[in-house]
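Colleague: Input: one structure, supplied below.
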Amino acid sequence: MTPATRMGLSIAAALTLYGVSFGALATASGFTFWQAVALSALLFSGGSQFAIIGVVAAGGSGPAALGASTLLSARNTIYGVQMKALLDPSGWRRYVAAQLTIDESAANAMVQTDPAESRRGFWVTGIASYLGWNAATMFGAALGDVIGDPETLGLDGAVVAAFLGLLWPRLRSREPWALAVLAALVTMLTMPVLPPGVPVMVAAAAAVLWSVAGRRRRGSLAPEEDS
């Protein structure tokens, strides 16, 4: 078993645990079993899925939940460009690769130094994570139907905890921490005056603007090449 394969299977195993949480929280928050299953099968983006159920559970509208989810998943567009250059899939593989492009599959592909290992890392991570996440969602959704009211076992707060669990491994430098603080402040300031779900969208938009400004600032500080 190659290093990329081992890493991919380990990542998939960890994501599967969050899939159980998503399924249980989705149905306990008012989604039907099949709605939860469809979200995992079609969207397949953990952070965006938790955002949807979090907004809806808080009383937000469908458009607000969709907007928050879309903003959070916008980063996958950047991953898609990188994976196209790295893997160059053709035919039907392009559509499968697009569905499997998530943080973890892209990361495993990009950290490999050998092109063959990069491809193997992407496909193993993506396929194993997709299968595990969807199977776990079904199991968790069936469990959520038994639990019923989210507040019974404190599951109304578990949405936030699960989302933070997905976010925590990414907070490894000062800039993500600064973005997290900015998003939290924007959310707290806008929650009293905006409908449920909209503060998340505003915070996500502020984070995007921060990132764009940061890239422009770093670009302007980069030394110019001699002509």
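Read-outs throughout are calculated quantities, based only on the coordinates presented, and are distinct from any laboratory measurement. Because the structure is predicted, anything quoted here is derived from the model rather than measured. Counting neighbours? That spans all protein chains shown, and the Cβs are built from the backbone with ideal geometry, glycine included.
Colleague: At 7 Å along the Cα-to-beta-carbon direction for both THR190 and LEU9, put a label point, then send me their distance in nm to one decimal.
Modeller: For THR190 paired with LEU9, the spin-label model returns 4.4 nm.
Colleague: Something else about it: So how far apart, in nm, are the two label points at VAL96 and THR113 if each is 7 Å from Cα heading toward Cβ?
Modeller: 3.0 nm
Colleague: Still on this structure: Using a basic spin-label model with each label point 7 Å from the Cα along Cα→Cβ, how many nm lie between MET1 and LEU17?
Modeller: 1.7 nm
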